[in-house]
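Handing you a structure now.
The values are calculated or read from the model by the stated rules, or taken from the named source; none is laboratory data. Fair warning: this is a prediction, and the values are worked out from it, not measured in the lab. Glycine also receives a Cβ, built like all others from the backbone with ideal geometry; neighbour counts cover every protein chain displayed. To get the accessible areas, we keep the full protein, side chains included, count just its heavy atoms, and leave off ligands, DNA and RNA. Shrake-Rupley method; radii C 1.70, N 1.55, O 1.52, S 1.80 Å.
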Amino acid sequence: MNRWDELKTALYVHELGTVSAAAEALGVHRATVIRHIDALEEEMGTEMFRRHAQGYTATEACAEALVAVKQAERLFSVASGKVQGIQPVRDKTRIVVSIVAPTIHLLAPGIGSFLEAHPNVRVELDSSDRLVQLDSGEADLVIRAGARPREPGVLVEPFTRYSIGLYAVDDYLEKHSEINHLDDLVSHLVVGPNSQKQMPFAVWARRNLPADCQRLHVDCGDVALGSTLTGTALGLLPSFLEATFPQLRLVHALPKEMDEQLWLAIPTDGNHPELVADLARHLKRFSSVTLAA
């Protein structure tokens, strides 16, 4: 059997729980994920997943088999990372940083300062939603949101914490009715994460904002920011954007339990440890300035 793509798809469905989440992580269409699962089940002659309203659950036999698939995927990733790491990149040292896309507004000053201090270093940013395995060799430094990373062989420390709020610009506020309570949003338009996103603030919005205002869904924080800055809608945005975009007006602050925690993680056996440590120092120093502004 030569079904690596299908097996990898099955692994993602098993770990993420739904076809849509697996499709997003793999960068393929939902129909491709379903086709891969159907092809595997046909070849195996048995059901691999139980379908239900909340998503897909692997059968016991399937879950056991996918342990080996995950191990194989990690081996491939480590091998790929090591090969890439020893390849010369002209005369530049290459550092790969995996980030949460909207945080570029917080990280950019530190990255810029680091590159000024190290003219022979090149930084490559990976801002995809795909969760980078910290032991895979894909990234030298990872900025991750949510729960503290627990992978072995990784140095982890809190990076920063920020709040989430509902923001607008004056142009939008002048054209629309006053907002004194969340119920007033029924006549407004709010741009927010699509229904597949499970960040705490996204779940909060679906539960607490009027359904009539949630008619503009995006899968990228920068798209939400753009929609807000143009006066198209109110946006659910991180508070650190106020320093970069002073035209943003806070309309409603989300509860403190919705605050996002960012973690800084560095694989202990990664490339260029001294440079990566210095990059981390620049990021922490300049992000603290931005947050204090």
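Kindly check whether there is at least one residue in the stretch 265-281 that is more than 16 Å from Gly165 (Cα to Cα), open to solvent by less than 70 Å² (accessible area, probe 1.4 Å) and without any contact (Cβ under 8 Å) to a residue 40 or more places away in the chain.
yes
OK, next. Looking only at the stretch 20-42, count how many residues are modelled with pLDDT of 85 or more, closer than 22 Å to Met199 by Cα and open to solvent by less than 70 Å² (accessible area, probe 1.4 Å).
Residues meeting the conditions: 1.
Take Ala139 and decide whether it is in contact with a strand residue (DSSP E or B) (Cβ under 9 Å, 6 or more places away or on another chain), outside any helix (DSSP H, G or I) and free of Cβ contacts under 8 Å to residues at least 12 places away in the same chain.
No: the conditions fail for Ala139.
Going through Tyr167, Tyr172 one at a time, which residue ends up being modelled with pLDDT of 90 or more, within 21 Å of Leu225 (Cα to Cα), in a strand (DSSP E or B) and in contact with a Gly (Cβ under 8 Å, 6 or more places away or on another chain)?
Tyr167
Just to be sure before I move on: is Pro102 modelled with pLDDT of 65 or more and crowded, with 16+ Cβ neighbours inside 10 Å in the structure I sent?
Yes: the conditions hold for Pro102.
Which of the following residues is at pLDDT 80 or above and either within 23 Å of the chain's Cα centre (by Cα) or surrounded by 20 or more Cβ atoms within 10 Å (Cβ to Cβ) (or both): Gly17, Gly45, Gly81?
Every option except Gly17 fails the conditions.
Mind listing just one residue for me: the one in the stretch 149-169 that is touching a strand residue (DSSP E or B) at 6+ places or on another chain (Cβ under 7 Å) and over 20 Å from Phe240 (Cβ atoms) and, of those, least open to solvent (accessible area, probe 1.4 Å)?
Here the answer is Pro149.
Determine whether the stretch 225-245 contains at least one residue that is under 20 Å from the mean Cα position of the chain (by Cα) and open to solvent by 60 Å² or more (accessible area, probe 1.4 Å).
Checked the stretch 225-245: no residue is under 20 Å from the mean Cα position of the chain (by Cα) and open to solvent by 60 Å² or more (accessible area, probe 1.4 Å).
Among the residues of the stretch 246-264, count how many are more than 25 Å from Val169 (Cβ to Cβ), open to solvent by 40 Å² or more (accessible area, probe 1.4 Å) and touching a strand residue (DSSP E or B) at 6+ places or on another chain (Cβ under 6 Å).
Total satisfying the criteria: 0.
Just name the residue that is nearest to Phe286 (Cα to Cα) out of those in the stretch 182-203 that are in contact with a strand residue (DSSP E or B) (Cβ under 9 Å, 6 or more places away or on another chain) and modelled with pLDDT of 90 or more.
Top of the filtered list is Val191.
Which one is nearest to Ala205 (Cα to Cα), of the residues in the stretch 250-261 that are modelled with pLDDT of 90 or more and outside any helix (DSSP H, G or I)?
Leu254
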